[in-house]
Amino acid sequence: MTSNVLIVYYSQSGQLKEIIDKTTAVLLQDAEINLSTYKIEMEEEFPFPWDFYSFFNAFPDSFLQKPHKIKRIPADILNQKYDLILMYYQVWFLSPSIPINSFLQNQEAKQLLNGSRIVTISGTRNMWFLAQEKIKVLLKTNQAKLVGNIALVDHTPNLISAITIVNWMFSGVKKKMFNFLPFPGISKKTIDESERFGNILLHSIKQNEYKNLQHNLIDADAVVVKPFLVSVDTKGNRMFKIWSKIIDTKQGNQRKKFLKLFYYYLIFAIWIISPLVNLLYYIFYPFNFLKYKKQIKYYQGIE
Ligand SMILES: Cc1cc2nc3c(=O)[nH]c(=O)nc-3n(C[C@H](O)[C@H](O)[C@H](O)COP(=O)(O)O)c2cc1C
């Protein structure tokens, strides 16, 4: 029996495309799987490499989940019925990126998503937890069923990855900063090893059975949850809510001024607040042990 599987993605640097190639390699080789790919295309593309203004100007719309216009979804993609949709996405400012948000709120996409089974696969720096919650809400609105989640991240320490990713985003080149810092983004090893998830996906597709999919993915370390990062994400979301609402009301030079202030706030948050959150995390770890255990279980799950 042939199964139709659709890949939906957006990627600026091509990192997510590399992840797609690895995680779908076995699906591509299977004669009974009909794999289609749809790349989300924006009416007005975001720059890559980014410049200072465009990067921070993407913050309010990302965080407030304001959709932008995307190009029409090709008819041959829309006219198929899919057994499974693999949705590859990245996080921008603790929210699903604008292209993914725009897709999930697009009228034509609703047709694709309605009643479909979805596996989400994110490729981020390391802070994807609350963005995934926002994706869950949008999937529910579209009557789509989340059946699995894979989260690929940069495993270098939080402060190091914060420096290297900025250098990457503003230069467009994945290079070792100062010649000694690790490469930015998700490591080649992590991407190469993501091939193993393809076999787990293949098994579910072949059996047409998705009940154990997330369980099998978790067993293969597809979702590693660090409560310290969840805590930074949660606190960041609270502050971003205030900042995004303020900046959203500003235009022209006023907006530029506020975006600069937001940039200073981010530096402060990353270099002062997040190490403090980390310190408090370790001090109070024994008292919060049960809470963290629950958190890990929740964010590894798909409910
Ligand atoms: C504007 C912007 C904001 C980002 N914010 C976050 C974030 O909040 N959390 C995170 O883990 N990664 C963040 N990233 C990294 C992306 O999730 C992603 O890993 C990176 O942009 C590479 O994706 P690509 O496949 O589109 O090239 C951000 C990237 C950009 C460009």
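Within the range 115-140, how many residues are more than 16 Å from the ligand (Cβ to nearest atom) and touching a helix residue (DSSP H, G or I) at 6+ places or on another chain (Cβ under 8 Å)? Break it down into steps so the answer makes sense when it comes.
To start, the set of residues in the range 115-140 that are more than 16 Å from the ligand (Cβ to nearest atom) comprises 115-119, 136-140.
This time we only want the ones that are touching a helix residue (DSSP H, G or I) at 6+ places or on another chain (Cβ under 8 Å), so: 118-119, 138-139.
The total comes to 4.
Scanning the range 31-61 for residues that are of a type in the set (D, E, K, R) and assigned to a loop (DSSP other than H, G, I, E, B), which turns out most open to solvent (accessible area, probe 1.4 Å)? Give the steps one after another, and end with the answer.
Of all residues in the range 31-61, those of a type in the set (D, E, K, R) come to 32, 39, 41, 43-45, 51, 61.
Narrowing the set further to residues that are assigned to a loop (DSSP other than H, G, I, E, B) leaves 32, 41, 43-45, 51.
On the way: E32: 80, E41: 92, E43: 111, E44: 152, E45: 102, D51: 70 Å².
Looking at the filtered set, the residue picked out is E44.
I need the helices (runs of 4 or more DSSP H) fully contained in the range 179-278, keeping only those with at least 2 residues that are among the β-branched types (V, I, T).
Numbers: elements: 188-193, 195-207, 213-219, 227-248, 252-268.
In the range 179-278, 188-193, 195-207, 227-248 are the helices (runs of 4 or more DSSP H) which contain 2 or more residues that are among the β-branched types (V, I, T).
Looking at N149, is it buried (at least 19 other Cβ atoms within 10 Å of the Cβ) and more than 21 Å from D51 (Cβ to Cβ)? Don't jump to the end; show me each part of the working.
Details: buried (at least 19 other Cβ atoms within 10 Å of the Cβ): yes; more than 21 Å from D51 (Cβ to Cβ): yes.
Yes: the conditions hold for N149.
In the set L112, L16, L28, L64, which member is surrounded by 22 or more Cβ atoms within 10 Å (Cβ to Cβ) and more than 10 Å from the ligand (Cβ to nearest atom)? It would help to see each step written out before you state the result.
Working: L16 fails: more than 10 Å from the ligand (Cβ to nearest atom); L28 fails: surrounded by 22 or more Cβ atoms within 10 Å (Cβ to Cβ); L64 fails: surrounded by 22 or more Cβ atoms within 10 Å (Cβ to Cβ).
Just one listed residue meets the conditions, L112.
Just for the range 67-108: of the residues that are closer than 14 Å to L139 by Cβ and hydrophobic (A, V, I, L, M, F, W, C), which one is farthest from the ligand (Cβ to nearest atom)? Going through the qualifying residues, I end up with L84. If P49 passes every condition in (1) in contact with a Leu (Cβ under 6 Å, 6 or more places away or on another chain); (2) within 12 Å of the ligand (Cβ to nearest atom) but one, which one does it miss? Going through the list (1) in contact with a Leu (Cβ under 6 Å, 6 or more places away or on another chain); (2) within 12 Å of the ligand (Cβ to nearest atom), P49 breaks only (1).
All conditions in (1) open to solvent by less than 10 Å² (accessible area, probe 1.4 Å); (2) hydrophobic (A, V, I, L, M, F, W, C); (3) closer than 25 Å to P227 by Cβ hold for L104, with the sole exception of (3). Restricted to the range 74-159, the set of helices (runs of 4 or more DSSP H) holding at least 1 residues that are touching a His at 6+ places or on another chain (Cβ under 7 Å) comprises 98-104.
The values are calculated or read from the model by the stated rules, or taken from the named source; none is laboratory data. Bear in mind that the values here come from a model prediction, so they are computed numbers and not experimental data. No Cβ is skipped: glycine too gets one built from the backbone with ideal geometry, and neighbour counts run over all protein chains shown. Note: areas computed on protein heavy atoms with side chains; ligands, DNA, RNA excluded. Shrake-Rupley method; radii C 1.70, N 1.55, O 1.52, S 1.80 Å.
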